[in-house]
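The block underneath contains the structure these notes are about, expressed in structure tokens.
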Amino acid sequence: MKSTSLKIAASLVVASVAFGASANECSTGKTLADGMLTIATGNPAYYPWVIDDAPESGQGFEAAVAYAVADKMGYDKAHVSWVRTSFDGAIQPGAKNFDFNLQQFSILPERAEVVDFSVPYYTTTKAVVVTTANGKQDTPASLSGVKSLKFGAGAGLSAATFLESAVKPEQSTLLYDDVANTVAALQANQVDAVIFDLPTALFVTAVQMDNGKILGQFPTDVNDSPDHFGMVFAKGNPLKSCVDTALAEMKSDGTMVAIEDKWLASGAGVPVIDMSK
Amino acid sequence: MDNTQNTARGKPRAPTRRQAYEQKARRKSLLIAAVSSAAAIALLVVLVPMAPGWEAVQRSFFNWNVLVKTFPKLLSAFTLDLILFFAAAPAIFILALVIALMRNVTRPALYPLKLFAIVYIDVLRSIPVILTIYLIGFGIPGLGLLPPWNSPYIWGSVALVLAYSAYIAEVFRTGIESIHESQRSAARSLGLSEASMMRYVVLPQAIRRVVPTLVNFLVALLKDVALLSFIGPVEVLRQAGVYKSLFANFTPYVGAAIIFLVATIPAIRFADYLMAKQNAQRTR
Amino acid sequence: MSDAKLSLRNIRKSFGPLEVCKNITVDVHKGELVCLIGGSGSGKSTLLRCINLLDPIDDGEILLDGVDISVPGFDPDPVRRKIGMVFQSFNLFPHMTVLENIKLAPMKVKRMASRDITEQAEALLDRFGLLDKAHVYPDRLSGGQQQRAAIVRALAMEPEIMLLDEVTSALDPELVGEVLDVIRQLKAQGMTLLLATHEMGFAREVSDRVCFLSDGELLEIAPPEKMFGAPEHARTQQFLERVLRTQNLS
Ligand SMILES: Nc1ncnc2c1ncn2[C@@H]1O[C@H](COP(=O)(O)OP(=O)(O)OP(=O)(O)O)[C@@H](O)[C@H]1O
Ligand SMILES: [Mg+2]
């Protein structure tokens, strides 16, 4: 069994060298399929992280980051394949069907006990979105102001935990399965405000809602805010160090900033919520 | 032989031959049941951990630390399930009864009621409960109701009440139809009105007859309350989901499952007991 | 108009194509005991049910004290208070004790106070030897006790006429006697009775008149001596011969 797969691996390496797609030494023998990088994203994957749910196009922030990382590791577009997983699929025990998985996983110490994270590829704050339809849009952007709101949030995101530890809202928070349902609850007036990472908030208010408004973003120095997004690896996957190196390179040579500028709207001008008031 | 002599000598307390035989058989089958169960459990306990992935599974699903950290909050989230359950159950019972009675009317003038009941039951029984919850729990508040009347707690419960009352109306209907025609004749011949006949003669018997089925539906209802989490409320299933995502670990789901087990198994046993009791009565 | 307590005039009743009552006319006078006899399916039960307005008749008139109660739309409930009916079986409500069975209608229909009706019911139970069963559920009673309790329940509404539909036919032979005793007692007290029965000996003994039904037709009405001694119709004769032969055998 092992010897056959080694033989196949060896022939694949020969083949890929022959085709000139030079996977760098770091990742050799560490990927799921030799010579190929298998990357997972959500099902579906959302704007602005992946455009039109088609990561193969390289359109969207996470799709672009994934291809850039692959490129740094020596895999061209043809040697990247995509799979889809849910959050649960990413963390369930047993063999993984991906080399790494990126779908806005926040790096949390509790999670790090079960899976490995890359160094952050993006850092964002959490933002509060309200609508102008229910008169909450003039809530002061302060801790006491947002405390009084009834919040909705995505259940899989770290927002619920964040609200509980940093904001302690006066009314119980409602949680939803995805961004669309969370926005629907806001529009149906079932919650006063919802909480997203800033890029999603910017997208939702710009595209999905006519009357949406970002009330403010939380400052970078409270609890789990800012959010650091990391790629998820099976615990102990040696590929992690290769990806970390690639990400570090991308940060230092400006690739990352360029991708951010291209795919993520600027958060400049979004007020910061005053946590002292 | 012996026992006839026993009774002849006036010692009725000594077991008869038949009793002795049955007692022995009972002991033997108890022993077999105990040994085979123990063997099965032992196999599970020994074999499963020998599976290559067991350690990983144990870490993800049976993680003691995670369980200890999350269980108290899961329990307190379960109180929301209980509140919603106890709010919905009586409403379901009453509405189901009304629908079942409407379904049973015979007077031509009231035919629209009957038609409504038929459509109600057919439609709500054919839609998965989760869809009813989604459509009503999200849809109706979206019509522009103002707080607090757009609360997902209210409309989610309404959706549960609608869905379950359709099922339970059918249970009541079969109960009502199972009452022998002569009971109705006897009641009417005494001069009882149609309504009094239903109330004092037919319904008490019909409801008694369907109690075991009702208990089973109540167990299902308690579990389906968790579906309300889809439209916002953070009940035990959702709370477990949040912890799962926080700890990247499925143990909170196991914790939730334990809570449901402890809450429902007594009810299930109770239903079995009632069912057995009724069967015994029927064969008497 | 006759002075009959109950008067049936040209009663017709069909279930679909099946004609079950064919032009039946008979009077029952106050204090009279009339027996309906006839083969299985001859229409005895149907006729009794029609009188109690449990089934609507297709044509004809049912007069109670000279009042036509069969007019379509006539409120049946007040009529049924005057007419007590007991069926072949499954009479008692199994979820109520004997006493509760008896009290239900007087309380819900006549709006009598619970205390008054309890006294009255206990007196009735005592009279028919059932007082010790007052707080017992029907499934703990023998068949004969159940039928007697059902008769007591009907009596508690103080009916003016009683319809009894083969009240002994579901009983073991040794239990028949106690129920027939109750009927004798009722007759002795002047109750007007119309009963369908297969007990030919009993019919012969207690009836004032006997009606023979055959395939929905009222073939013959006669005093018992005549009916059982010298029936006019050949069919009556045949029926009686057959029935009496089997009944004597058993
Ligand atoms: N509800 C009904 N629908 C249709 N047919 C019926 C109905 N009730 C009675 N019948 C029919 O009417 C006929 C007379 O029935 P009925 O019960 O009056 O007979 P019966 O003289 O009481 O017979 P038995 O001595 O067996 O009790 C039978 O052929 C029966 O099948
Ligand atoms: Mg009959």
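The values are calculated or read from the model by the stated rules, or taken from the named source; none is laboratory data. In this text the structure is predicted, and so the values were computed from the model without any measurement. Reconstructed Cβ throughout: ideal geometry from the backbone, glycine too, with neighbour counts over all protein chains shown. When the accessible area is computed, the model is the full protein with side chains, heavy atoms only, and any ligands, DNA or RNA have been set aside. Shrake-Rupley method; radii C 1.70, N 1.55, O 1.52, S 1.80 Å.
List of remarks:
- All positions within the stretch B:111-147 that are open to solvent by 60 Å² or more (accessible area, probe 1.4 Å), more than 10 Å from chain A (Cβ to nearest Cβ) and not aliphatic (A, V, I, L, M): B:Tyr111, B:Pro112, B:Phe116, B:Asp122, B:Arg125, B:Ser126, B:Pro128
- Hey, C:Met107 in a loop (DSSP other than H, G, I, E, B) and within 14 Å of another protein chain (Cβ to nearest Cβ) or not: no
- Selection within the stretch A:134-160: residues that are surrounded by fewer than 16 Cβ atoms within 10 Å (Cβ to Cβ) and within 14 Å of chain B (Cβ to nearest Cβ). The member of this set that is farthest from A:Glu110 (Cα to Cα) is A:Gly135.
- Evaluation of C:Glu220 against the conditions (1) outside any helix (DSSP H, G or I); (2) open to solvent by 50 Å² or more (accessible area, probe 1.4 Å) shows that the sole unmet condition is (2).
- Which numbered condition C:Pro76 misses (of (1) within 16 Å of ligand 1 (Cβ to nearest atom); (2) modelled with pLDDT under 90): (1)
- Here C:Met227 meets the list (1) over 26 Å from C:Arg80 (Cβ atoms); (2) in a helix (DSSP H, G or I); (3) open to solvent by 60 Å² or more (accessible area, probe 1.4 Å) almost entirely, failing just condition (3).
- Scanning the stretch C:83-107 for residues that are farther than 18 Å from C:His135 by Cα and either within 16 Å of ligand 1 (Cβ to nearest atom) or modelled with pLDDT under 90 (or both) yields C:Met85, C:Val86, C:Phe87, C:Gln88, C:Ser89, C:Phe90.
- Residue check, A:Asp224 outside any helix (DSSP H, G or I), at pLDDT below 85, touching a helix residue (DSSP H, G or I) at 6+ places or on another chain (Cβ under 6 Å) and not small (Gly, Ala, Ser): yes
- Qualifying positions in the stretch C:63-102 - open to solvent by 20 Å² or more (accessible area, probe 1.4 Å), among the aromatic types (Phe, Trp, Tyr) and at the interface with chain B (Cβ under 10 Å from one of its Cβ atoms): C:Phe90
- Sole exception among (1) within 14 Å of chain A (Cβ to nearest Cβ); (2) not in a helix (DSSP H, G or I) for B:Tyr153, by number: (2)
- Failed item in (1) more than 14 Å from every other protein chain (Cβ to nearest Cβ); (2) touching a helix residue (DSSP H, G or I) at 6+ places or on another chain (Cβ under 9 Å); (3) more than 22 Å from C:Phe228 (Cβ to Cβ), with C:Pro17 passing the rest: (2)
- Count of the stretch B:156-197 residues, restricted to those that are open to solvent by less than 10 Å² (accessible area, probe 1.4 Å), small (Gly, Ala, Ser) and not in a loop (DSSP other than H, G, I, E, B), is 11.
- Filter result (outside any helix (DSSP H, G or I) and of a type in the set (A, V, I, L, M)) within the stretch C:147-177: C:Ala156, C:Met157, C:Ile161, C:Met162, C:Leu163, C:Leu164, C:Val167, C:Ala170, C:Leu171
- If the condition is being of a type in the set (A, V, I, L, M, F, W, C) and within 24 Å of C:Glu225 (Cβ to Cβ), then the stretch C:1-46 contributes C:Ala4, C:Leu6, C:Leu8, C:Ile24, C:Val26, C:Val28, C:Leu33, C:Val34, C:Cys35, C:Leu36, C:Ile37.
- C:Asp3 vs. criteria away from ligand 2 (no atom under 16 Å from the Cβ), in contact (Cβ under 8 Å) with a residue 12 or more places away in the chain and either open to solvent by 60 Å² or more (accessible area, probe 1.4 Å) or closer than 25 Å to C:Glu199 by Cβ (or both): yes
- Residues that are over 23 Å from the mean Cα position of the chain (by Cα) and among the polar types (S, T, N, Q), drawn from the stretch C:98-127: C:Ser114, C:Thr118
- Near pairs, Cβ below 6 angstrom, 6+ apart or cross-chain, from the stretch C:34-47 (within 14 Å of chain B (Cβ to nearest Cβ)) to any residue that is part of a strand (DSSP E or B) and within 9 Å of ligand 2 (Cβ to nearest atom): C:Ser45/C:Asp165
- Set A:Tyr121, A:Tyr176: member being away from every other protein chain (no Cβ under 12 Å) and either within 25 Å of the chain's Cα centre (by Cα) or among the hydrophobic types (A, V, I, L, M, F, W, C) (or both): A:Tyr121
- Taking the criterion of being open to solvent by 10 Å² or more (accessible area, probe 1.4 Å) and either more than 16 Å from ligand 2 (Cβ to nearest atom) or of a type in the set (Phe, Trp, Tyr) (or both), the residues of the stretch C:30-62 that qualify are C:Lys30, C:Gly31, C:Glu32, C:Leu53, C:Pro56, C:Ile57, C:Asp58, C:Asp59, C:Gly60, C:Glu61.
- Close pairs from the stretch C:159-177: first within 11 Å of chain B (Cβ to nearest Cβ), partner more than 16 Å from ligand 1 (Cβ to nearest atom), Cβ under 6 Å, at least 6 apart: C:Pro159/C:Lys82; C:Pro159/C:Ile83; C:Pro159/C:Gly84; C:Met162/C:Gly84; C:Met162/C:Met191; C:Met162/C:Leu193
- Evaluation of A:Leu174 against (1) at pLDDT below 85; (2) touching a Pro at 6+ places or on another chain (Cβ under 8 Å) (one fails), failing number: (1)
- Inter-residue pairs, beta-carbon under 9 Å, first part of a strand (DSSP E or B) and in the stretch A:81-105, second charged (D, E, K, R) and surrounded by fewer than 17 Cβ atoms within 10 Å (Cβ to Cβ), 6+ apart: A:Ser81/A:Glu56; A:Trp82/A:Glu56
- Scanning the stretch B:51-89 for residues that are more than 15 Å from B:Ile259 (Cβ to Cβ) and more than 14 Å from every other protein chain (Cβ to nearest Cβ) yields B:Phe86, B:Ala87, B:Ala88, B:Ala89.
- In the stretch A:76-95, the qualifying residues are those that are in contact with a strand residue (DSSP E or B) (Cβ under 6 Å, 6 or more places away or on another chain) and more than 14 Å from chain B (Cβ to nearest Cβ), and the one that is least open to solvent (accessible area, probe 1.4 Å) is A:Val80.
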